[in-house]
Structure formats: structure tokens, C-alpha cells
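S.K.: Pasting a structure here, questions to come.
Each reported figure results from applying straightforward, stated rules to the coordinates on display, with no laboratory input. From a predicted model like this one, the values you see are computed outputs, not experimental measurements. Here the Cβ positions follow ideal geometry from the backbone for every residue, glycine too, while neighbour counts run over all protein chains shown.
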Amino acid sequence: MTLRFGAIGRAIAPAGASTGTGEAVERRDGGEAFGGLDVKGAVAAVNSEIHLALKGKDVRDQEEIDNVLRELDGMTDKSRLGGNALIATSMAVLNAAAAAEKIPLWQYLGPLMGHSDGTVLPLPEIQILGGGAHAAGRVDIQDFMVIAVGASSFAEALDWTAEVYRAAGTLLSESGRLEGVADEGGFWPAFDSNEEGLDVLVSAIEKSGRTPGQDVAISLDIAASEFGAERRYKLSRDKQEMDSDALCGMLVDWVERYPIVSVEDPLGEDDPDGLVRFTWAVGKRVQVVGDDFLVTNADRVDAAAKVSACNAVLIKPNQAGTLSETKAAFDAAEKAGYGAIISARSGETEDVTIVHLGVGWGVKQLKVGSFARSERMGKWNEGLRIAETLNQTSGGTQPVDGNLPPRSSFPWS
Ligand code: PGA
Ligand code: ZN
């Protein structure tokens, strides 16, 4: 996006491997080339129709521009021009607006959001082991993550997690269970059961010198829609097929026995009753996050809040398709008293816009994958740079508080 006076805004759309069915559709070319995954059609849409529709518009009016994009596409799922074409454009517009003001995006957003000091640094949620669709189903659970709940700053949370990541790598290779790294940079483990992942996390936290649950806690993305449909779930690692109640029971049992603070998509996107029951059972003690189930959609968040399905929402801009709709989903979460995590995708790029959105909008948690691979590290490093600027301005260290349910309710804290 080039503005009349020369300011430039860039953005790249990410892609997900475990997508929710309610997401904005990512437009791919199909056919033979690149296995059908090429995006020449989406790029052409940006350079023709979208270019013409936005020419002469004021980039400071993000909502108006996003409305134009939505109307131009004309489909609720954004499949005509492509959710990827739309979100890249929408983010480029915002980046151009900040560039025109010659300030970082998080700073540009801060005053717009009414918190001019831009004080909130998100608490990182970092993947240690990758599974599910990100590791060819080698283990059913998708993300075995940690959250440094006891860390007092963004930098400290990264330090602690880096040590846990290293410790996990050593533990896995010593036991002959390390196969490589998965899509988001987490270790690709060779486990005999899903629960082994939890044991490795606890051991790695301890080996790194931290107390599980107090300093560093466990967070899971079950991504249950990937191994279940119509309330039947097939855990191949555990050689078990379960109904909704049985899976719910297994996860509640894990919450009882392991220092878990957050569980994402514990049941399938088509199993709202299961999600209500799981939230009822553990929602006071842990964060229950809707990703595939809520797909960064304000109406879905409103509807979920009415029945208390989940108590937090994953915010992924490309699920919504425009930044205004992304922000609306975040606002709906805030209104409902739901937690929020701004998140990257399994197919990521060097684009760091989401880190700025997290700080600028005041989203309390940030999930961008593991502690390896530059498309991940670039985002953690961007957070560090923002933290440094904030620390200089305030003359102290900016605290991080993920707004998680109180740890005091955990038996091990
Ligand atoms: P995805 O994974 O980008 O493949 O959807 C991330 C997640 O499920 O949170
Ligand atoms: Zn997820």
C-alpha cells in the first residue's frame, strides 16, 4: 500500500493447517502448479479490483476501508476475492497509516484505542511440542505449550520459556523420542500416548529450575475438530474412540492432575454442548479458549457468552478477514468478560503486525508458536523491542499479566 506522500504499508496473510469451518476462506488457485496452493488469483484481486476500489481513500478510516473490502467481496465467507487478499490489504492499510505518522504501529493504535501509554504487554503462550495437523498426527493433541505465569516481564517470560524449551529438547533426545520440529517450531515427539506430552512438559519445567504451576504452567490446544466430528473423537495415539463426555472427562482429569492453566478447543467446533459442559466443569480454574469454535467472529462470541461456552477467545485476523471484524471480535470478548489471545497461524511469515495489534489493542496474551524458526522468533523479538521502548518511556519494567484465572485455585500453587 503506497500513499500519495510516499508512506508505505506492507502485510502478508498467514495460513492455517487446522482451520475452523467458519473462517474466512483462503483463496488458492487449485490446478497443478504448487500442488494447487498458489495464490496468483488472490494477488491479482489485490492489484486490480481492490486497488481500484481503495484508490484515493483515506487510510486513517480503517473501518470504512474494511467495509469497502467486505462489500466488494460480497460473500459472507470472503471466498470471491479471498480472505487472504482481504486481510493482507486490511493490515497493509493500517501499517501505511502508522508509517504516514512515522510511528510504530502499536503506538499509532494506542491513542486510537484510548490508552495512549499503550501499557499492556501480552503474556506469551509458547509451544514446546507440536502435534496434530502440525506434525502429521504423530500425537493427537496439537499444541503442548507453556505460559510463564510467574514471570514479571515479557523478557523474563521469554527467558524462562527458552530454558524450558531447551530442557524439553534434551529430555526428548535422551529418551529417543525426538523426531524433529513441527510446523510452529515445537519439538515433534514420538510418544506412545498423549499424556506423555504432559509428563515431558512438567519434567522440562522442573529441569529448567522453575516450579510447575507457579512459575511456568501448561497450556494445551487440543484442536479437537482435527480428530473428531459429530461428537465422536478418535485419539489414535491412545488407541481410543471417545464420545464427547469421555473426552471431556479425560481433559478434566488432566486439569486435576497437571498444572494446566489454559485449554483451547477441548471439543469439536460442532460440539457446543460439550464446550458448555467443559467450561462449566473447569472454567473457574482454567482458561477455556475457543479457536475453531469462535473463529474470531463477534456474533459467535456473543452467542457463546450467552450460554457460557468457553471463557476466552483466540484472535486470528485472517479468520475474520478484515481488521475491523477482528477488532469487533476482541471487543465482544471484552464485553463478555472473556479472555483474549492474539494468535499467529501454523503457516506464518515474517510479518509482525499481530504483535503490534496485541500491544496497541491491549490484548493480554500472545500466541505465535514455539521458540524456534525466524517467523516465530521475529514476533517474540518484536515484542522485546516494544517492551524496551515502553520501559524507557516509563522508566521501569512493564509488567505482564495474562488475565488468567487465579492460580491460587490450583492445588499445586
Ligand atoms: P492453525 O493452528 O494455524 O493451523 O489453525 C493454530 C491454532 O490452532 O491455534
Ligand atoms: Zn487452535
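S.K.: Taking the chain on its own, what percent of its Cα-Cα pair distances exceed 26 Å?
M.R.: For the chain, the share of Cα pairs beyond 26 Å comes to 52 percent.
S.K.: In deg cm²/dmol and to the nearest 500, what is the mean residue ellipticity at 222 nm of the chain if only DSSP H runs of at least 4 residues count, each as -39500 (n - 2.57), divided by the residue total?
M.R.: Result for the chain: -12500 deg cm²/dmol, rounded to the nearest 500.
S.K.: What fraction of the DSSP beta bridges in the range 123-409 is antiparallel, stated in percent and rounded to the nearest 5?
M.R.: Of the beta bridges lying entirely in the range 123-409, close to 45 percent run antiparallel.
S.K.: Okay, next question. What residue among Ala92, Ala340, Ala224 shows peak mean-square fluctuation when the chain is described by a Gaussian network model with Cα springs under 10 Å?
M.R.: Ala92
S.K.: Here's another thing I want to ask about it. Taking the Cβ of each residue in Tyr108, Tyr258 as the centre, tally the other Cβ atoms inside 10 Å and list the residues starting with the fewest.
M.R.: Tyr258, Tyr108
S.K.: Would you please calculate the Kirkwood hydrodynamic radius of the range 64-104 over all C-alpha pairs and express it in Å, rounded to one decimal?
M.R.: 10.8
S.K.: Set the bar at 26 Å for Cα to Cα. Now go through Lys55/Lys367; Lys102/Lys335; Lys40/Lys316 and name every pair that lies beyond it.
M.R.: Lys55/Lys367; Lys102/Lys335
S.K.: Another question, then. Can you tell me the 0 to 90 degree angle between the C-alpha axis of helix 244-257 and the longest principal axis of the chain, rounded to 10?
M.R.: 70
S.K.: OK, next. Around Glu101, under 15 Å between beta carbons, what's the net of Lys plus Arg minus Asp minus Glu among the other residues?
M.R.: Counting the neighbours of Glu101, the net charge comes to +1.
S.K.: Report the FRET efficiency, 1/(1 + (r/R0)^6), for Asn47 and Ile12, where r is their Cβ-Cβ distance and R0 is 22 Å, rounded to 0.05.
M.R.: Result of the calculation: an efficiency of 0.90.
S.K.: Related question: Using 0.36 nm per residue of separation minus the Cα-Cα distance, give me the extension gain between Ser236 and Glu174 in nm, one decimal.
M.R.: Separation in residues times 0.36 nm, less the Cα-Cα distance, equals 19.8 nm.
S.K.: In whole angstrom, how far apart do the alpha carbon centroids of the range 287-325 and the range 13-38 sit?
M.R.: So the separation of the two Cα centres works out to 21 Å.
S.K.: With a Förster radius of 51 Å, plug the Cβ-Cβ distance of Glu350 and Ala229 into 1/(1 + (r/R0)^6) and report the FRET value to the nearest 0.05.
M.R.: The calculated FRET efficiency here is 0.90.
S.K.: Round to the nearest 10 and give me the degree value, 0 to 90, for the angle of helix 323-336's Cα axis relative to the longest principal axis of the chain.
M.R.: It works out to around 50 degrees.
S.K.: Pick out which of Pro266, Pro212, Pro317 has the largest mean-square fluctuation in a Gaussian network model of the chain, springs linking Cα atoms closer than 10 Å.
M.R.: Comparing Pro266, Pro212, Pro317 in a Gaussian network model of the chain, the most mobile one is Pro212.
S.K.: Kindly express, to the nearest 10 degrees and within the range 0 to 90, the angle between helix 83-101's C-alpha long axis and the longest C-alpha principal axis of the chain.
M.R.: Long axis of 83-101 versus the principal axis of the chain: about 70 degrees.
S.K.: Let me check the size of the range 241-281 from its C-alpha atoms; what are the radius of gyration and Dmax in Å?
M.R.: Expressed in Å, the Cα Rg and Dmax of the range 241-281 come to 9.8, 28.
S.K.: Another question, then. Return a whole-number percent for the relative contact order of the range 123-409, with Cα pairs under 8 Å and 6 or more residues apart as the contact set.
M.R.: Relative contact order, the range 123-409: 19 percent.
S.K.: Now a separate question. Just want the ordering: Ile8, Ile260, Ile205, from fewest to most Cβ atoms lying within 10 Å of their own Cβ.
M.R.: Sorted ascending by nearby Cβ count, the order is Ile8, Ile260, Ile205.
S.K.: Net charge near Lys78, counting Lys/Arg +1 and Asp/Glu -1 over other residues with Cβ under 12 Å of its Cβ?
M.R.: Net charge around Lys78: -4.
S.K.: A further question follows. Under 8 Å for C-alpha pairs, at least 6 residues apart: give me the relative contact order for the range 33-102, rounded to a whole percent.
M.R.: 36 percent.
S.K.: Using Cβ counts within 10 Å as a stand-in for footprinting exposure, how do Thr349, Thr393, Thr161 rank, fewest first?
M.R.: Starting with the residue having the fewest Cβ neighbours, the order is Thr393, Thr349, Thr161.
S.K.: For the chain, set up a Gaussian network in which alpha carbons nearer than 10 Å are linked by springs, and say which option among Phe293, Phe330, Phe227 fluctuates the most.
M.R.: Maximum fluctuation in the GNM of the chain, among the listed residues, is at Phe227.
S.K.: Also: What is the set of long-range amide H partners of Ser262 at a cut-off below 5 Å, with H atoms built 1.01 Å from backbone N?
M.R.: Counting only residues 5 or more places away or on other chains, the set is Leu220, Gln287.
S.K.: Out of residues 5 or more away from Asn403 or on other chains, whose amide H comes under 5 Å of its own, with H placed 1.01 Å from N in the peptide plane?
M.R.: Sorted by chain and number, the residues that satisfy this come to none at all.
S.K.: Residues with amide H under 5 Å of Ala312's amide H, sequence separation 5 or more or different chain, H placed in the peptide plane at 1.01 Å from N; which?
M.R.: For Ala312, whose amide H was placed from the backbone, the distant partners under 5 Å are Val288, Gly290, Gly339.
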